[in-house]
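Below: one structure, written as structure tokens.
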Amino acid sequence: MTAAVLTRVRRLPRLRPGRLGATVAGTVLAVAVLACLLAPVLWPLDQSAIDLSQTRLAPSAAHPAGTDDLGRDVLLRSIYGLRVSLLVGVFAALVAAVIGGAVGALAGTLGGWVDRILMRLVDTIAAMPHLLLGIFIVAMLRPSLGAVVLSVGLTHWLSTARIVRSELLSLRHRPFIDAAVSGGAGRMRVLTRHLLPHVLPRLALATTLMIPHAVWHETALSFLGLGLPPHLASLGNMINDGRGSLLAGAWWASLTPGLVLIVVTLALAALTAHWRDHLDPRVRAELQL
Amino acid sequence: MSRTTGVRLAAGTALLLALVACSSPTNPSGAPADAPLIVATAGEPDTLNPVLNYGVDGAALIFDGLVSRDERNHLVPALARELPTVSDDGKSITARLRDGVLFHDGTPLTARDVVFTYQAVLDEKVDSTLRSDLDMLASVTAPDDTTVVFTLRYAYAPFLQRLTLGIVPAAAFDGQDVNKAAFNRQPIGTGPYRVTSWTPGDRLVLAANDRYWGGRPTNSGVVVAFVPDDNVRAQRTRAGEFDAAELPPKLASGFDTQAGYRVHKTPTADYRGVMLPMGNPVTGDVAVRRALNVAVDRAAMVNGVLGGAGEPAYGPVPPSSEFAEPAVAGAPTADPAAATALLDAAGWRPGPDGIRVKNGTRAAFSLMYPAADSLRKELALAVTADAKKIGIAVTPEGLTWDAITPRMGSDALIMGYGTPYDPDFVSYKLFHSDFAGQGFFNPGSYASEVTDRALRDGRAEADPARRKAAYATFQRQLATDVPWVFLTYLEHTYVVRDSVNGVVPRVEPHEHDVANSIWWNINTWTRRS
Amino acid sequence: MTAPTRARRRRRTGAGRMIRNRLLVAVPVLFATSAGMFALGAASPIDPAQQYAGAAAFTTSEENLAQIRANWGIDDPLPVQYLRWLGNLLRGDLGWSTSRHEPVADVLAARAGWTLLLVGAALVVVLLASLLLGTLAAYRRGGWFDRALRTTAYAIQSVPSFWLGLAAIALFALSLGWLPAGGLTDITATSTDVADVARHLILPVGVLAVSQLPWFVLFIRDSVADSLRDDHVLAARARGLPGRTVLFGHALRTGLLPFLTLIGTHLPELVGGAVLVETVFSLPGLGAVTVQAALGSDFPLLAATTLATTVVVLAANLGTDLAYAAADPRVRLE
């Protein structure tokens, strides 16, 4: 029995390395997303409910990840927190990717004065610390889910725009583009058929990396009292709340949302890495060498 | 990415967290006995000028008022030779100054300095919020160098309690704008300590004033460290950096079992409660307010939310005050049966979803709390849970203050304040109908003729027995009308090193930072080496 | 005159023109930023007088607050306020900070140095570490080092930086007792001693650097890995040049290009990280007051800090663009 398991474990790494990581990551993500989708149906949660007779219980069968300061189930709130944080992360990253991708593509392909004006605009906004701008946006819109999404999205498109532009700029003078242009391909065609496939992986990578960053931003806003209303379960709020419990010995209140955050982020990153390797034929060529 | 890396990572994180949880102090006090005492607090003053609201309730370390307070918060003379005398009509107060008091720069204190200090507060060009507290003061004059006469617009019984304000030297402000004077960062006072340096965001370094009129401090100086984040302050306390630190109860409780430290829970007049606006159709109904008042489980809040550091509150006058009316105290635990009976009798009947309804109005309202204040958040959730049990749907909303203020007339709010010195302070403006709807003064527009009259009698009457009677009436009327559901009085918790002698906790007001904390008498503290 | 010298001179005059153009652009950008800050602040619903009163707002009457607002002149129309601020600025007066209760110049003088030191030191650590780690990971792409590095980078990226800070305090200050848990100098110190400050800055700089490292490392790794497959690098390899020369001389040089733009864009990010790190380690830097100013609608302080950061970032951008041009001959200086 043990021997069999061992052989199987030893055989695993012989699979294509990318495949295994991607499978694990995919499974983790699928479970996480499924839990997020099903939670409201299977385990409804009253966000404002507390139970002062059940505070800081260690993990048990009834509460697999224990309870927090106010007697709320940590695992259930972590799932709801993940829901909210993923929502914030994905939407904010999408907002950022759309704005950043559009601005970067415009600047990188059109060049000239369009490029100059757009890049000065980016410079101007980029010169202010994101967190500060984010605080301003949330302070004006008043803390809420939408305000946090906008605050993160509107402050994080700059790097995406620059990356897309610089990638396009460095591609512009590559021989295969020259070949395509001299072959009579139109601007749109060069952009969509030749430039986009090269830029997309990096755009995707930037977007993926932005999801945890968006969650980070949400946490930082919570830290300053400007995130989601603090009694709602979000990973940021929970990690913040749990800090106090940590010193009082209730490590599970902070550890569980923290682990959920790390595991999901890692899975997301692994999956994008795999996807990119898949997209880029030259990488596959290298792997076969 | 393999599964093993994930596992290793999780294990690493767990290890790190475990270290946080069970780490022990590494450097127990090895400080020599004559080293300065080090205290840590969250609240850094914006300025060190009493005129601009620094340490106005005394114990300001750098300054003295005409009077100060002893360990029972009774007034004792300070810069005044004896307690100032009040004229028969209550409108004229005369203070005679102590002889031979020197400011830190060596100049002698005169009546001119006292007059300057109070006139600066009254000056409209000076950005002082203290002016609101001294609206009874018409003028202040100095007939001679050692006498100060305060003239009031109307008789105001607790006026002597306002004389704890620190006195500043007039000469230091010659030809300067009080708002922008260098004095505000490098102040000169008469107090037991003089300022060596102030690094905003880091620390305030004070050195003993050897010429202090009240006797030279028993230690060489005080360093006040400013650490706004509670968890960071707790960690640095654990690392052994501080002789005394203010910590929230749940973080302080970790030091109960730690050798070398004592946890002090000081009683306060610092209350938390739910302001219920009259302009809301649900909270405007006195039956709902009374039902909520008996439905909240104050004992559970004290234990669960405050970690035991507090006591149930039933009104704005703390039990430690001589003006407290014991009759208003109810049961510390919830009485849902009595609450539902009140609601039933008033016609609030349970609807299909369990929430009560009366004449088509659902028993539902929003309860706002400042989002940055985790204690008020937890109290809001506790009230929400208790209200649900009697069929009232409360929606907690965590907001910023600028979002809260415009809604205070129609939505409930977790509020908190309180000073132990006189029942007139705060309460007059909070519950008198003259101030209905004026910002934080009576935001719920509560109006009762009985309350108004009692409050007015309380400030006008000089006779202590009649004042006590007036405030007893006031407290009973509040308990009947329930414009607020008072929840708890906090206990401020401090962690103090065992080797420090002379700690005498006294009842504290809401505000406690550099001034007016457990270290109010730090000039008499000593350290065993 | 030989051809290479002529090319070099052309590049030099190109650089001069670039600097001049950038300066011309910088002035409107600075105007726009400061005016934008005022406009944002004016649109904000926060009452600075209430913020100023703090807890005393509870006992302060509306007339009292209105009088304070009038003293400050913050009820004046926005253009009036902005022009007044601009006029004072030209006379060298940065104005009065309503949230800090002191001249803006004093706030900057007392605090900007510490933030610059923190951010600067962290940036140096980040640059050195990311160049080294990223290049090594790219060289053995897919190897155990690469995988471990990437896993760690993603993991760190998902941990909030104040968490890292608290964990670092728990480990190095509480458990091991090697380093102080916070503050700028020993709490009993009477003067600012260089060695003492350096010892206190190790943890904050380390935490800030580590929290910012992932982006830099991942990008260096990707860029170098990509350029290792570039034609000229493959050619260099084919010519039989030693691996180290190819890696650091050719691949890294090409891979540096996107990285250079990254430094400029990440400066404000570093400042944002510094806000939280300063909070965790109770450092008296600019970060905490800037947040306070934002929350309290303190226009003068906000405009000044924004202006200061903008100047620093524009200078950094100019520097990276010049470096970009130097590193990649394909980019023309305009």
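The values are calculated or read from the model by the stated rules, or taken from the named source; none is laboratory data. A quick note: this is a predicted structure, and the numbers were derived from the prediction, not measured. Cβ placement follows ideal geometry from the backbone for every residue including glycine, while neighbour counts extend to all protein chains displayed.
For the range B:346-377, taking the residues that are more than 37 Å from the chain's Cα centre (by Cα) and of a type in the set (S, T, N, Q), the one that is nearest to the other protein chains (Cβ to nearest Cβ) is identified as B:Thr361. Output the residue which, of all residues in the range B:124-139 that are exposed (fewer than 15 other Cβ atoms within 10 Å of the Cβ) and farther than 25 Å from B:Pro464 by Cα, is farthest from the other protein chains (Cβ to nearest Cβ). The qualifying residue farthest from the other protein chains (Cβ to nearest Cβ) is B:Ser139. Name the residue that is nearest to B:Leu134 (Cα to Cα), counting only residues in the range C:43-55 that are crowded, with 19+ Cβ neighbours inside 10 Å and over 30 Å from the mean Cα position of the chain (by Cα). Among residues in the range C:43-55 that are crowded, with 19+ Cβ neighbours inside 10 Å and over 30 Å from the mean Cα position of the chain (by Cα), the one nearest to B:Leu134 (Cα to Cα) is C:Ala53.
C:Gly87 meets each of the listed conditions (1) surrounded by fewer than 19 Cβ atoms within 10 Å (Cβ to Cβ); (2) over 33 Å from the mean Cα position of the chain (by Cα); (3) modelled with pLDDT of 85 or more apart from (2).
With the condition kept exactly as written, say whether any residue in the range A:256-266 is among the hydrophobic types (A, V, I, L, M, F, W, C), surrounded by 24 or more Cβ atoms within 10 Å (Cβ to Cβ) and facing chain B (nearest Cβ under 7 Å). There is at least one residue in the range A:256-266 that is among the hydrophobic types (A, V, I, L, M, F, W, C), surrounded by 24 or more Cβ atoms within 10 Å (Cβ to Cβ) and facing chain B (nearest Cβ under 7 Å).
If the condition is being more than 8 Å from chain A (Cβ to nearest Cβ) and surrounded by fewer than 24 Cβ atoms within 10 Å (Cβ to Cβ), then the range C:297-311 contributes C:Leu307, C:Ala308, C:Val311.
Of all the numbered requirements in (1) more than 23 Å from A:Leu131 (Cα to Cα); (2) within 14 Å of chain B (Cβ to nearest Cβ); (3) at pLDDT below 75; (4) in a helix (DSSP H, G or I), A:Ala253 misses one, and that requirement is (3). A residue that is β-branched (Val, Ile, Thr), in a loop (DSSP other than H, G, I, E, B), modelled with pLDDT of 95 or more and crowded, with 18+ Cβ neighbours inside 10 Å occurs nowhere in the range B:270-277. Is there a residue being modelled with pLDDT of 70 or more, under 30 Å from C:Ser297 (Cβ atoms) and within 17 Å of the chain's Cα centre (by Cα) anywhere in the range A:187-210? For the range A:187-210, residues modelled with pLDDT of 70 or more, under 30 Å from C:Ser297 (Cβ atoms) and within 17 Å of the chain's Cα centre (by Cα): present. Do we find that C:Arg141 is over 20 Å from C:Gly272 (Cα atoms), more than 11 Å from chain B (Cβ to nearest Cβ), crowded, with 17+ Cβ neighbours inside 10 Å and modelled with pLDDT under 90 in this structure? Answer is yes for this residue. Screening B:Arg453 with (1) in contact with a helix residue (DSSP H, G or I) (Cβ under 7 Å, 6 or more places away or on another chain); (2) modelled with pLDDT of 95 or more; (3) farther than 22 Å from B:Pro319 by Cα gives one miss only, at (1). Evaluate the following for B:Val115: is it aliphatic (A, V, I, L, M), without any contact (Cβ under 8 Å) to a residue 60 or more places away in the chain and either over 23 Å from B:Asp422 (Cα atoms) or away from chain C (no Cβ under 14 Å) (or both)? When the stated conditions are applied, B:Val115 passes them.
Taken over the range B:292-335, the criterion of being without any contact (Cβ under 8 Å) to a residue 12 or more places away in the chain and of a type in the set (S, T, N, Q) is satisfied by B:Asn303 alone. A residue that is more than 14 Å from chain B (Cβ to nearest Cβ), closer than 30 Å to C:Gly296 by Cα and buried (at least 22 other Cβ atoms within 10 Å of the Cβ) occurs nowhere in the range A:162-185.
Filtering the range A:23-52 to residues that are at pLDDT below 85 and more than 21 Å from A:Leu82 (Cβ to Cβ) leaves nothing. The residues on offer are B:Arg185, B:Arg216, B:Arg203, B:Arg162, and the sole one that is surrounded by fewer than 18 Cβ atoms within 10 Å (Cβ to Cβ) and without any contact (Cβ under 8 Å) to a residue 60 or more places away in the chain is B:Arg216. Within the range C:175-189, residues that are touching a residue at least 40 places away in the same chain (Cβ under 8 Å) and under 18 Å from B:Val227 (Cα atoms) reach partners that are of a type in the set (Ser, Thr, Tyr) and not in a loop (DSSP other than H, G, I, E, B) with beta carbons closer than 8 Å, at six or more positions or on different chains, in the pairs C:Leu184/B:Thr199.
Okay, residues lined up against (1) surrounded by fewer than 19 Cβ atoms within 10 Å (Cβ to Cβ); (2) touching a strand residue (DSSP E or B) at 6+ places or on another chain (Cβ under 6 Å):
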residue: B:Ala470; (1), (2): no, no
residue: B:Gln475; (1), (2): no, no
residue: B:Pro483; (1), (2): no, no
residue: B:Phe486; (1), (2): no, yes
residue: B:Ser499; (1), (2): yes, yes
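Within the range B:118-158, being small (Gly, Ala, Ser), in a helix (DSSP H, G or I) and more than 27 Å from C:Ala70 (Cβ to Cβ) holds for one residue alone: B:Ala157.
Restricting attention to the range B:419-471, the residues that are under 18 Å from C:Glu62 (Cβ atoms), among the polar types (S, T, N, Q) and free of Cβ contacts under 8 Å to residues at least 40 places away in the same chain total 3. Candidates are the residues of the range B:378-390 that are under 16 Å from B:Thr333 (Cα atoms) and within 28 Å of the chain's Cα centre (by Cα); the one that is surrounded by the most Cβ atoms within 10 Å (Cβ to Cβ) is B:Val383.
Looking at C:Val126, is it farther than 30 Å from C:Arg229 by Cα and in contact (Cβ under 8 Å) with a residue 24 or more places away in the chain? So C:Val126 fails the test.
Just one of the listed residues (B:Gly240, B:Gly260) is more than 8 Å from every other protein chain (Cβ to nearest Cβ) and modelled with pLDDT of 90 or more, namely B:Gly260.
Is there a residue in the range A:216-233 that is away from chain B (no Cβ under 14 Å) and outside any helix (DSSP H, G or I)? Checking the range A:216-233: not a single residue is away from chain B (no Cβ under 14 Å) and outside any helix (DSSP H, G or I). Within the range A:50-75, restricting attention to residues that are farther than 20 Å from A:Gly244 by Cα and of a type in the set (A, V, I, L, M), the residue that is farthest from the other protein chains (Cβ to nearest Cβ) is A:Ala61.
Taking the condition crowded, with 21+ Cβ neighbours inside 10 Å, within 14 Å of chain C (Cβ to nearest Cβ) and either touching a Ser or Thr at 6+ places or on another chain (Cβ under 6 Å) or closer than 24 Å to B:Thr141 by Cβ (or both), does B:Val223 pass? For B:Val223, the condition - crowded, with 21+ Cβ neighbours inside 10 Å, within 14 Å of chain C (Cβ to nearest Cβ) and either touching a Ser or Thr at 6+ places or on another chain (Cβ under 6 Å) or closer than 24 Å to B:Thr141 by Cβ (or both) - is not met.
Against the test of being in contact (Cβ under 8 Å) with a residue 12 or more places away in the chain, within 28 Å of the chain's Cα centre (by Cα), surrounded by fewer than 24 Cβ atoms within 10 Å (Cβ to Cβ) and not assigned by TED's automatic domain parsing to the domain that holds B:Ala470, the options B:Ala172, B:Ala208, B:Ala142 yield a single qualifying residue, B:Ala208.
Does B:Gly65 fit the bill of being buried (at least 20 other Cβ atoms within 10 Å of the Cβ), at pLDDT 95 or above, not in a strand (DSSP E or B) and not hydrophobic (A, V, I, L, M, F, W, C)?
yes
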